[in-house]
Amino acid sequence: MARAGADVVVLGGNPINQSRGIENLDAICDGLSKEIGAKVITSTQSQMKALKALGARKVATLHPFVKELDEHHAHATARLGVESTGAVACGYAVESLGKVPGELALSLSREIMRLWPQTDTIHPSCAHWATAHAIDQIERELSVNVMTSQQAILWNALRTAGIDDRIDGYGRLLREF
């Protein structure tokens with residue numbers, strides 16, 4: 001990708017990013033950047049930066065997978081440097097992510113706010129789950145921040161590439177920061 005002219009290379013997948021330790025991501029990216037000649041960022045770093053920019057403190061995660069993974073997702077959110085208020089599952093398997101109904105992001109965000117009203121940020125996780133259409137509506141209706149994996153990755157990649165454009169329609173992160 002660097003040889004093809006990419007300004008920024010994104011290493012996706014929080015589990016893969018974190019396998020060598022979150023505390024090592026800056027050094028790993030710096031080393032890769034020097035080796036390939038392009039800036040390197042990770043999805044984990046992107047989400048951590050996005051949460052910080054939004055001023056997130058108490059974050060609830062909404063994930064597309066089965067309920068048995070709620071605790072894992074809550075723990076993963078806490079590793080991003082915020083307090084996890086909890087996690088809610090949609091109940092889908094990886095191979096069914098394209099079949100998750102679009103309205104679930106909003107309806108389950110409402111459920112999150114009923115369960116954990118102290119939540120200031122909702123995190124629809126999993127970059128493979130289409131949630132961009134719901135970000136603005138969730139923020140307006142529930143008066144919370146929303147930080148999705150895809151949104152954070154795009155925002156950080158643009159800013160890392162020196163592109164400071166503000167984008168309406170996809171939440172405060174892209175509109176204000």
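Which residue out of ARG79, ARG110 is more than 14 Å from the chain's Cα centre (by Cα) and open to solvent by 30 Å² or more (accessible area, probe 1.4 Å)?
Checking each option against the conditions leaves just ARG110.
So which of ALA27, ALA53 ends up being out of contact with any strand residue (DSSP E or B) (no Cβ under 8 Å at 6 or more places or on another chain), without any contact (Cβ under 8 Å) to a residue 24 or more places away in the chain and part of a helix (DSSP H, G or I)?
Result: ALA27 is the single residue among ALA27, ALA53 that is out of contact with any strand residue (DSSP E or B) (no Cβ under 8 Å at 6 or more places or on another chain), without any contact (Cβ under 8 Å) to a residue 24 or more places away in the chain and part of a helix (DSSP H, G or I).
For every residue, the table says whether it meets (1) out of contact with any Ser or Thr (no Cβ under 6 Å at 6 or more places or on another chain); (2) open to solvent by less than 30 Å² (accessible area, probe 1.4 Å); (3) modelled with pLDDT of 95 or more; (4) of a type in the set (D, E, K, R).
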{"site": "ASN14", "(1), (2), (3), (4)": "no, no, no, no"}
{"site": "ILE41", "(1), (2), (3), (4)": "no, yes, yes, no"}
{"site": "THR61", "(1), (2), (3), (4)": "no, yes, yes, no"}
{"site": "ALA74", "(1), (2), (3), (4)": "no, yes, yes, no"}
{"site": "SER84", "(1), (2), (3), (4)": "no, no, yes, no"}
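Suppose we filter GLY91, GLY21, GLY55 for residues that are on the phi > 0 side of the Ramachandran plot and open to solvent by less than 30 Å² (accessible area, probe 1.4 Å); which single one remains?
Matching residue, one of GLY91, GLY21, GLY55: GLY21.
Could you please give the count of residues in the stretch 94-107 that are open to solvent by 40 Å² or more (accessible area, probe 1.4 Å), over 25 Å from SER46 (Cβ atoms) and in a helix (DSSP H, G or I)?
Number of matching residues: 3.
Which of the residues belonging to the stretch 116-133 are surrounded by 13 or more Cβ atoms within 10 Å (Cβ to Cβ) and farther than 24 Å from MET48 by Cβ?
Listed by number, the list holds a single entry, HIS133.
Quick check, is ILE163 open to solvent by less than 80 Å² (accessible area, probe 1.4 Å), more than 13 Å from THR61 (Cβ to Cβ), touching a Gly at 6+ places or on another chain (Cβ under 7 Å) and of a type outside the set (S, T, N, Q)?
no
Can you tell me which residue within the stretch 63-72, out of those that are surrounded by 14 or more Cβ atoms within 10 Å (Cβ to Cβ) and not in a helix (DSSP H, G or I), is farthest from the chain's Cα centre (by Cα)?
PHE65
Identify all residues within the stretch 146-158 that are touching a residue at least 40 places away in the same chain (Cβ under 8 Å), open to solvent by 20 Å² or more (accessible area, probe 1.4 Å) and either in a loop (DSSP other than H, G, I, E, B) or out of contact with any strand residue (DSSP E or B) (no Cβ under 7 Å at 6 or more places or on another chain) (or both); write none if there are none.
TRP155
The values are calculated or read from the model by the stated rules, or taken from the named source; none is laboratory data. This one's a predicted model, so the numbers in the text were calculated from it and none came from an experiment. So basically every Cβ, Gly included, is an ideal-geometry build from the backbone, and we count neighbours across all protein chains shown. Surface areas here come from the heavy atoms of the whole protein model, side chains and all, with no ligands, DNA or RNA. Shrake-Rupley method; radii C 1.70, N 1.55, O 1.52, S 1.80 Å.
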